[in-house]
Amino acid sequence: MHIFENISLKNYNTFGIDAKTRYFTKFSCEKEIPALLNHINSLKLSYMILSGGSNILFTQDFPGLTLHVNLKGITKLSESGDFVLVKAMAGEDWEDLVKYCLKNNWGGIENLTLIPGKVGTSPMQNIGAYGVELKDVFHELEALKVNTGEIHTFNKSDCRFGYRNSFFKQEGKGRFIILSVTFKLTQKNHFINSGYGAIMHELERRKIDKPGIHDIADVVRFIRTSKLPDPEVLGNAGSFFKNPVIPAKQHEKLKKRFSEIVAYPDRSGNMKIAAGWLIENAGWKGYRVGDAGVHKLQALVLVNHGKASGMEILQLSENIRKSVKDRFQINLEPEVNIL
Ligand code: EPU
């Protein structure tokens with residue numbers, strides 16, 4: 001294990017923010033864990049775990065140790081009937097896992113194609129897109145408790161998944177290092193999730209009436225690339241805010257003033273409002289100040305056109321929040337972790 005000093009994290013966060021960390025180390029093998037823990041536990045400095053950096057906004061340099069989890073490997077553990085259990089190590093690229101599963105004809109995560117990030121962070125915010133959330137295919141995960149060095153297994157209920165939320169974003173934050181995630185996928189009789197409006201529309205356009213998992217992946221890739229910016233080309237962390245959930249009564253009132261407002265009922269009888277619509281209709285779509293901006297095709301995505309600092313993006317996000325609050329009396333909550 002080698003500890004580097006004063007390293008730029010620009011290539012370790014998809015916003016491309018040039019923040020520095022005082023110390024930096026990677027671990028690629030579980031055997032390195034005891035030495036690493038000794039180091040962390042004896043260190044008087046703070047530490048943070050950083051994987052794909054796809055859901056984080058750095059607003060300052062980090063004075064502690066940044067730990068980059070680089071564990072690799074994807075293994076089929078078992079199969080039974082229609083199902084297969086597949087274990088992926090935390091440092092695998094999410095998209096590599098999706099491709100591997102499709103190649104093996106394992107179904108369940110095809111709707112989640114092209115989500116930037118690593119396997120290890122996927123349960124943290126219960127990644128989701130186009131009608132599927134990670135919790136729908138989650139079996140269990142292994143995580144290391146930093147202060148004891150013990151490895152714990154978490155099942156689905158232990159993880160307390162919610163909308164872009166989990167135990168690891170709440171009480172468990174910073175206390176565990178996720179080492180691997182096991183998924184329960186289908187090897188035949190796949191569940192096809194084609195109910196999301198944009199998917200249905202695109203399948204119809206392609207005249208596909210009995211889609212397979214490969215068709216779904218193709219269509220989702222098409223939809224995503226048509227409006228979500230590729231972080232390799234334009235720095236971003238996906239949706240910057242969560243879609244706010246408001247009481248149905250409040251939605252009815254708003255609808256009287258803003259008849260076009262986009263909203264969906266959620267399971268609890270409340271309404272989930274499309275934050276992208278609110279931001280666009282508060283006039284921000286395509287806005288740019290310096291190198292910080294709002295994407296021109298999807299207003300929920302804030303972008304770094306080049307050299308924006310984390311503070312500049314944060315300031316822009318605060319201005320958006322304030323203007324949405326003034327216009328619609330709705331509070332937007334960041335989805336991205338702000339450090
Ligand atoms: N809309 C606008 N203007 C915009 C953007 C959106 O009016 O600029 C309206 C449109 O009516 C559109 C609706 O909002 O139909 C929903 O937009 P979209 O389908 O793009 O989804 P989203 O609600 O903005 C959520 C997730 C995305 C995920 C998509 C697809 C959150 C915070 N975001 O976005 O996840 O890819 O649904 O399922 O829930 C992410 O979490 O980083 C992310 C990209």
Could you list, in sequence order, the residues of region 220-238 that are within 12 Å of the ligand (Cβ to nearest atom), out of contact with any Leu (no Cβ under 9 Å at 6 or more places or on another chain) and either within 24 Å of LYS10 (Cβ to Cβ) or assigned to a loop (DSSP other than H, G, I, E, B) (or both)? PRO231
Return a yes/no flag: does region 20-40 have any residue that is under 30 Å from SER317 (Cβ atoms) and of a type in the set (Gly, Ala, Ser). no
Just checking, which of LYS188, LYS173 is closer than 27 Å to LEU85 by Cα, more than 16 Å from the ligand (Cβ to nearest atom), assigned to a loop (DSSP other than H, G, I, E, B) and free of Cβ contacts under 8 Å to residues at least 60 places away in the same chain? LYS173
Please list, ordered by first then second residue, the pairs with beta carbon atoms under 7 Å, 6 or more apart or interchain, first in region 311-333 and more than 23 Å from GLY290 (Cβ to Cβ), second surrounded by fewer than 18 Cβ atoms within 10 Å (Cβ to Cβ) and among the basic types (Lys, Arg). ASN331/LYS325
Looking only at region 130-140, decide whether some residue is on the phi > 0 side of the Ramachandran plot and crowded, with 19+ Cβ neighbours inside 10 Å. yes
The conditions are (1) loosely packed, with under 12 Cβ neighbours inside 10 Å; (2) under 30 Å from PHE154 (Cα atoms); (3) hydrophobic (A, V, I, L, M, F, W, C), and VAL233 fails exactly one of them. Which is it? (2)
Taking into account only those residues within region 119-142 that are among the β-branched types (Val, Ile, Thr) and either within 14 Å of the ligand (Cβ to nearest atom) or part of a strand (DSSP E or B) (or both), which is nearest to ALA198 (Cα to Cα)? VAL132
Please identify the pairs in which a residue from region 192-216 that is more than 12 Å from the ligand (Cβ to nearest atom) has its Cβ atom under 9 Å from the Cβ atom of a residue that is part of a loop (DSSP other than H, G, I, E, B) and of a type in the set (Asp, Glu), counting only partners at least 6 apart or on another chain. LEU203/ASP209
Restricting the search to region 201-223, which residues are surrounded by 14 or more Cβ atoms within 10 Å (Cβ to Cβ) and either aromatic (Phe, Trp, Tyr) or more than 13 Å from ILE109 (Cα to Cα) (or both)? GLU202, LEU203, ILE208, PRO211, VAL219, PHE222, ILE223
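In the list GLU32, GLU5, which residue meets the criterion of being touching a residue at least 24 places away in the same chain (Cβ under 8 Å), acidic (Asp, Glu) and over 30 Å from ASN105 (Cβ atoms)?
Values: GLU5 fails: touching a residue at least 24 places away in the same chain (Cβ under 8 Å).
Within the list GLU32, GLU5, the selection yields GLU32.
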Checked against (1) surrounded by fewer than 18 Cβ atoms within 10 Å (Cβ to Cβ); (2) modelled with pLDDT of 95 or more, TYR163 satisfies every condition except (2)
Return the residues of region 246-260 that are crowded, with 17+ Cβ neighbours inside 10 Å and touching a residue at least 60 places away in the same chain (Cβ under 8 Å); say none if nothing qualifies. ILE246, LEU254
Just wondering, is there one or more residues in region 285-307 that are over 19 Å from ARG224 (Cβ atoms), among the hydrophobic types (A, V, I, L, M, F, W, C) and touching a Phe, Trp or Tyr at 6+ places or on another chain (Cβ under 9 Å)? no
Checked pairs for region 271-284, first over 13 Å from PHE258 (Cα atoms) and among the aromatic types (Phe, Trp, Tyr), second in a strand (DSSP E or B) and near the ligand (Cβ under 9 Å from one of its atoms), C-beta under 9 Å and 6 or more apart or across chains, list as TRP284/VAL294
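The values are calculated or read from the model by the stated rules, or taken from the named source; none is laboratory data. Just so it is clear, the structure is predicted and the values come from calculations on it, not from any experiment. Glycine also receives a Cβ, built like all others from the backbone with ideal geometry; neighbour counts cover every protein chain displayed.
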